[in-house]
Amino acid sequence: MTSEVREKKIKTNGIWLNVAEKGDEGEPLVLLLHGFPETWFSWRHQIDFLSSHGYHVVAPDLRGYADSDSPPTHESYTVSHLVADVIGLLDHYGTAQAFVAGHDWGAIIGWSLCLFRPDRVKGFVSLSVPYSPRDPNLKPSDLFKSFGDGLYITQFQEPGRAEAAFAKHDCLTVMKKFLLTTRSDFWVAPPNTEIIDDLEVPSTLPDWITEEEIQVYADKFQKSGFTGPLNYYRAMDLKLQELEILAPWQGYKIVIPTKFIAGDKDIGNEGANGTIKYVKGEMFKSIVPNLEVVVIEDGHHFIQQEKSERVSQEILSFFNKLRNITE
Amino acid sequence: MDLTFTHRFVKVNGINMHFAEKTPSFTDNGASRPPPVILFLHGFPELWYTWRHQMVALSSLGYRTIAPDLRGYGDTEAPESADAYTSLHVVGDLIGLVDAVVGDREKVFVVGHDWGAIIAWHLCLLRPDRVKALVNMSVVFEPWNLKRKPISMFKSFYGDDYYICRFQEYGEIEAEFAKVGTERVLLEMLTYRNTGPILLPKGKSYDDPVSLPSWLTEYDVKYYVSKYEKSGFTGPVNYYRNMDRTWEMMGAFSNAQVKVPVKFIIGDQDLTYHIPGTKKYIHEGRFKSHVPLLDEVVVIKGVGHFLHEERPVEISKHIHDYFLTF
């Protein structure tokens, strides 16, 4: 299935990114941005589907992941860097405007792309993570403090801490704990517990992923480690990353056509104040007016793998609509 | 001629910003269309005050003129943190200012000079949706270059005595300025007529008498000195200390063009016009390739760096003639 995916290294923004690619280079470009802790492989279904429906699909391992470069310090992992990496990829392909889909951290990069370079985005699909406009009165680190030390983001801050906690398990187990989670809370561990120890591995695999597929991830992380990926969270605490660099977009309306897709059991959908409620609310509509929302029943966090056909269809129909193509 | 300005303060982007304002004294035949707004962005080492002539002239022609002290300058707050002076901070301030006093979907005309011109270029990259047209002066738009990290580039081109290199160490140049005296420092800069790069070797003496040019009165000097004596040089110099940090944050704009209509004005005695390669850059097409809507370039003969203070009437006319076309 993925045997025709080509992989190559591309220089962008001063680093080398490993990029998976499929489809006719003359077709419109779709850029797929994975999340934490994943690789381009999370998009394997969409890569095949979209490339066989008239798109040139490009899916990088993001900075810090798998076969891409991993700059050593977390200062190199701000959204500015991540967006610059993506722009460099689009420049490499000579793409004036791309279709973009992002999941989890990839969604954060995609939203940031819509702020920094709306001129380069034809349409954007966000999986799981909505746009969080800057609140000048609330720093991310203060917001996270309110959840206590058990919050995974807080636990990910201290260099080395999460790496040490993860290392107590083999990589395959670590990947299973993440990929197979069915938790809908904001991932808060009980006192004196590392989140990786709190996440459970189900006794049987669900039908949407195989042991071999999980091993693909495990092999990559075994080699490249988790520090690069964790640096994204560590960069959140930087003075500049504490959203001061987003000050120019205070109050900005994202006018690019966007679509938000999430499972109703995704992280943060537990309870009345969940993500989906926020996305469907008036406030969000006022800042992202050109938005479609799709909620997938019984879907969890790694939605493009778990509900691959549905997600593929939703992405395709959205991009096709923007090109005035109907099924 | 009404020489009075309204002084206002507004809280934006976490700082208290001071700005001067001069609005048309007449109303436009009763039609309730708000006057077009011009946002003026000063440079170093100046203040809103540098725009006094333009504000008088243009408000009498029907514009609402707004000139802030940029963060760190004059009566605007100067954040403690030395890292809080990147272009993204300053552009954030200006978006907040325009949102607060003009309206949060409104576009404005922008006029920039020196550091204000750099900020204006970045404003056009980051928020082109808020700029109707730009008259920029003295400093051309330099596209972002991965291989040109600012401070190391200046060091290799001009050496350690180059003023920007000498400004890097926190506190160092402030201490030297304090020894020389605020008035002398400002006079040295405002009257600089050399077309070569500004070099500040340590131990340089500032004993030679300085005579005021015709365009700078005793009153003007007193005004600048009083403000700089109060708020100091750290805020203004911090802009130079954040050039590398701004560069690190702007990688997403590596091939980006400025997509706003622009008129560019420069004096042929301005030291910036004499930076090697600049004349060619301006006149042989590369400037326009990065600023495709560069409608006009004006080189004014016999005029130096502070062109809008040297030739206020001419500059005001250039501004009005251009903005009239929109």
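Worth a mention:
- Taken together, A:GLU21, A:GLU25, A:GLU38 contain a single residue that is at pLDDT below 95 and more than 29 Å from B:ARG245 (Cβ to Cβ), which is A:GLU25.
- Residue within the stretch B:224-246 that is assigned to a helix (DSSP H, G or I), within 14 Å of chain A (Cβ to nearest Cβ) and in contact with a helix residue (DSSP H, G or I) (Cβ under 7 Å, 6 or more places away or on another chain) present: yes
- Criterion: away from chain A (no Cβ under 14 Å), in contact with a helix residue (DSSP H, G or I) (Cβ under 6 Å, 6 or more places away or on another chain), of a type in the set (A, V, I, L, M) and in a helix (DSSP H, G or I) - qualifying residue of B:ALA67, B:ALA57: B:ALA57
- Selection from the stretch A:266-295 of residues that are at pLDDT 90 or above, crowded, with 21+ Cβ neighbours inside 10 Å and over 16 Å from A:GLY110 (Cβ atoms): A:ASP266
- Sole residue being away from every other protein chain (no Cβ under 14 Å), part of a loop (DSSP other than H, G, I, E, B) and within 28 Å of B:ASP69 (Cα to Cα), chosen from B:PRO197, B:PRO201, B:PRO276: B:PRO197
- Per the conditions (1) among the hydrophobic types (A, V, I, L, M, F, W, C); (2) touching a residue at least 40 places away in the same chain (Cβ under 8 Å); (3) buried (at least 16 other Cβ atoms within 10 Å of the Cβ), the sole criterion not satisfied by B:PHE154 is (2).
- Test: B:VAL90 is under 23 Å from B:LYS11 (Cα atoms) and within 11 Å of chain A (Cβ to nearest Cβ): yes
- Test result for B:GLU169, surrounded by fewer than 17 Cβ atoms within 10 Å (Cβ to Cβ), modelled with pLDDT of 95 or more and in a helix (DSSP H, G or I): no
- Taking the numbered list (1) within 14 Å of another protein chain (Cβ to nearest Cβ); (2) in contact with a Gly (Cβ under 7 Å, 6 or more places away or on another chain); (3) surrounded by 24 or more Cβ atoms within 10 Å (Cβ to Cβ) in turn, B:CYS124 passes all entries but (2).
- Applying the criterion of being open to solvent by 10 Å² or more (accessible area, probe 1.4 Å) and assigned to a helix (DSSP H, G or I) to the residues of the stretch A:47-78, the residue that is nearest to A:LYS122 (Cα to Cα) is A:SER51.
- Here B:ASN16 clears all of (1) within 14 Å of chain A (Cβ to nearest Cβ); (2) part of a strand (DSSP E or B); (3) open to solvent by less than 10 Å² (accessible area, probe 1.4 Å) except the condition numbered (3).
- Those residues of the stretch A:95-131 which are of a type in the set (Asp, Glu) and farther than 21 Å from A:TYR232 by Cβ, in sequence order: A:ASP119
- Those residues of the stretch B:29-49 which are in contact with a Pro (Cβ under 9 Å, 6 or more places away or on another chain) and open to solvent by 40 Å² or more (accessible area, probe 1.4 Å), in sequence order: B:PRO35
- All positions within the stretch A:190-215 that are open to solvent by less than 50 Å² (accessible area, probe 1.4 Å) and either in contact (Cβ under 8 Å) with a residue 60 or more places away in the chain or under 16 Å from A:TYR65 (Cα atoms) (or both): A:PRO206, A:TRP208, A:ILE209, A:GLU213, A:ILE214
- Looking across the stretch B:61-87, the residues that are among the hydroxyl-bearing types (Ser, Thr, Tyr) and either open to solvent by less than 30 Å² (accessible area, probe 1.4 Å) or at pLDDT 95 or above (or both) come down to B:TYR63, B:THR65, B:TYR73, B:THR76, B:TYR85, B:THR86, B:SER87.
- Any hit, the stretch A:63-74, residues being within 14 Å of chain B (Cβ to nearest Cβ), modelled with pLDDT under 95 and more than 21 Å from A:TYR252 (Cα to Cα): yes
- Among (1) crowded, with 24+ Cβ neighbours inside 10 Å; (2) under 15 Å from the mean Cα position of the chain (by Cα) - the single one B:ARG52 does not satisfy: (1)
- So B:LYS259, is it part of a loop (DSSP other than H, G, I, E, B) and in contact with a helix residue (DSSP H, G or I) (Cβ under 7 Å, 6 or more places away or on another chain): yes
- Considering (1) open to solvent by 40 Å² or more (accessible area, probe 1.4 Å); (2) within 14 Å of another protein chain (Cβ to nearest Cβ); (3) without any contact (Cβ under 8 Å) to a residue 60 or more places away in the chain, the lone condition that B:ASN255 does not fulfil carries the number (3).
- Residues of the stretch A:1-17 satisfying the condition of being in a strand (DSSP E or B) and open to solvent by 10 Å² or more (accessible area, probe 1.4 Å): A:ARG6, A:GLU7, A:LYS8, A:LYS9, A:LYS11, A:ILE15, A:TRP16
- Matching residues in the stretch B:285-319 - criterion: being surrounded by fewer than 17 Cβ atoms within 10 Å (Cβ to Cβ) and either among the polar types (S, T, N, Q) or modelled with pLDDT under 95 (or both): B:SER289
- Qualifying residue in the stretch B:70-79 (condition: among the aromatic types (Phe, Trp, Tyr) and within 19 Å of B:MET17 (Cβ to Cβ)): yes
Results for (1) over 12 Å from the mean Cα position of the chain (by Cα); (2) without any contact (Cβ under 8 Å) to a residue 24 or more places away in the chain; (3) more than 9 Å from chain B (Cβ to nearest Cβ); (4) over 25 Å from A:ILE287 (Cβ atoms), shown as yes or no for each residue.
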{"position": "A:GLY88", "(1), (2), (3), (4)": "yes, no, no, yes"}
{"position": "A:HIS92", "(1), (2), (3), (4)": "yes, no, yes, yes"}
{"position": "A:THR95", "(1), (2), (3), (4)": "yes, no, yes, yes"}
{"position": "A:ALA107", "(1), (2), (3), (4)": "no, no, yes, no"}
{"position": "A:GLY110", "(1), (2), (3), (4)": "no, no, yes, no"}
{"position": "A:LEU113", "(1), (2), (3), (4)": "yes, no, no, no"}
{"position": "A:PHE116", "(1), (2), (3), (4)": "yes, no, no, no"}
{"position": "A:ASP119", "(1), (2), (3), (4)": "yes, yes, no, no"}
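- Residue count for the stretch B:94-105, restricted to those that are more than 7 Å from chain A (Cβ to nearest Cβ) and surrounded by 23 or more Cβ atoms within 10 Å (Cβ to Cβ): 2.
- The single condition from (1) in a helix (DSSP H, G or I); (2) modelled with pLDDT under 95 that B:TYR206 fails is (1).
- Listed by first and then second residue, the pairs linking a residue in the stretch A:20-32 that is over 19 Å from A:ASP91 (Cβ atoms) to a residue that is part of a strand (DSSP E or B) and among the charged types (D, E, K, R), with Cβ atoms under 7 Å apart and 6 or more places separating them unless they lie on different chains, are A:LYS22/A:ARG6.
- Filtered residues of the stretch B:296-314 (kept if within 18 Å of B:TRP51 (Cα to Cα) and in a loop (DSSP other than H, G, I, E, B)): B:VAL303, B:GLY304, B:HIS305, B:PHE306, B:ARG311
The values are calculated or read from the model by the stated rules, or taken from the named source; none is laboratory data. Fair warning: this is a prediction, and the values are worked out from it, not measured in the lab. For neighbour counting, all protein chains shown are included, and Cβ atoms are generated from backbone atoms with ideal geometry for every residue, glycine included. The area values use the complete protein model at the heavy-atom level, side chains included, leaving out ligands, DNA and RNA. Shrake-Rupley method; radii C 1.70, N 1.55, O 1.52, S 1.80 Å.
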